[in-house]
Amino acid sequence: MVHLALILVSGIAFQAPAKPTLSLQERGDILMARKEYREAIETYKEAPQTAVILNKIGIAYHQLTDIATAEKYYAAAAKKDPSYSEAVNNLGTIYYSRQSYRRAIGQYKKVLRIKPDSASTLANLGSAYFARKQYELASENYQKALAIDPEVFESRSAVGSVVRDRTVGDRPTFFYYLAKSYAKAGLNDKALDYIRKALEEGFKERKKFTEEPEFAGLQKDPEFLKLMELEPKVL
């Protein structure tokens, strides 16, 4: 709705449009950005309950670690619109958080049938395979995700509609595979960042960084050489 304001200029009065009123969804998004999740939920609940709104309510509950209620809203969103891939993805993250990795993989594959270029879902699928120690499948999906969005592992937002899995068990190995994926994509600065993280977390198979073909382009990089000289971390 646009309201009109009366303005007086040089003795002449005329009406000019005032700023448009924010929609309930926009107000909820602002509250999410401020991390005021309970207030966001109440605002979203006043809006028409579309698949998009139901999914956002689910994300707000997810942020509050109320996993059961988040699952309820994600499922409701997916039921209202089965083609709404964001809700299908987010259901997968619920299964992932419960270590039901096979079910999570099934959800992510459903998303990719709807939206094959979803970098976030490809990254999630990679993490689910990683949790099952299917490392080559994990790496394959990480590389596909990076080819679509080089920032997929870096971006963070409380306002978006897709949840990314960010919890992994074996952090040194996870960082190694991310470094490998970045190196294969030619993103050497990111590859170096994750090589450093892997070593700092105690990754023991450092020979892989000098012997595997994905890292061939880094072998003469001064920063890479410094990293290879670091003393192994004792855990």
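Tell me, which residue of the stretch 139-165 that is hydroxyl-bearing (Ser, Thr, Tyr) and in a loop (DSSP other than H, G, I, E, B) is modelled with the highest pLDDT? The extreme case among them is Ser161. Residues satisfying the criterion are present in the stretch 106-122 (criterion: among the polar types (S, T, N, Q) and outside any helix (DSSP H, G or I)). Quick one: in the stretch 93-117, which of the residues that are of a type in the set (Gly, Ala, Ser) and modelled with pLDDT of 95 or more is surrounded by the most Cβ atoms within 10 Å (Cβ to Cβ)? Ranking the candidates gives Ala104 first. Going by the conditions given, is Val168 within 30 Å of Ala77 (Cα to Cα), at pLDDT below 90 and surrounded by fewer than 19 Cβ atoms within 10 Å (Cβ to Cβ)? Yes, satisfied.
Table: residues versus (1) at pLDDT 95 or above; (2) over 18 Å from Thr69 (Cα atoms).
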residue	(1), (2)
Ile7	no, yes
Ser10	no, yes
Lys19	no, yes
Leu22	no, yes
Arg27	yes, yes
Arg38	yes, no
Glu42	yes, no
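Of everything in the stretch 189-235 that is of a type in the set (Lys, Arg) and under 9 Å from Ala179 (Cβ atoms), the residue that is surrounded by the most Cβ atoms within 10 Å (Cβ to Cβ) is Lys190. May I ask you to verify whether Asn90 is more than 17 Å from Leu112 (Cα to Cα), polar (S, T, N, Q) and buried (at least 20 other Cβ atoms within 10 Å of the Cβ)? Taking the combined requirement at face value, the residue does not satisfy it. Of the residues Tyr73, Tyr108, the single one that is more than 23 Å from Glu151 (Cβ to Cβ), without any contact (Cβ under 8 Å) to a residue 24 or more places away in the chain and in contact with a Leu (Cβ under 6 Å, 6 or more places away or on another chain) is Tyr73.
Among the residues of the stretch 111-142, the ones that are touching a residue at least 12 places away in the same chain (Cβ under 8 Å), closer than 24 Å to Ala183 by Cβ and not aromatic (Phe, Trp, Tyr) come to 18 in all.
Filtering the stretch 165-218 to residues that are aromatic (Phe, Trp, Tyr) and in contact with a Ser or Thr (Cβ under 6 Å, 6 or more places away or on another chain) leaves only Tyr177. With respect to (1) part of a helix (DSSP H, G or I); (2) within 22 Å of Glu136 (Cβ to Cβ), the lone exception for Lys204 is condition (1).
The values are calculated or read from the model by the stated rules, or taken from the named source; none is laboratory data. Predicted model, so just to flag it, every value in this text is computed and none were measured. Here the Cβ is made from the backbone with ideal geometry for all residues, glycine too, and neighbour counts use every protein chain on show.
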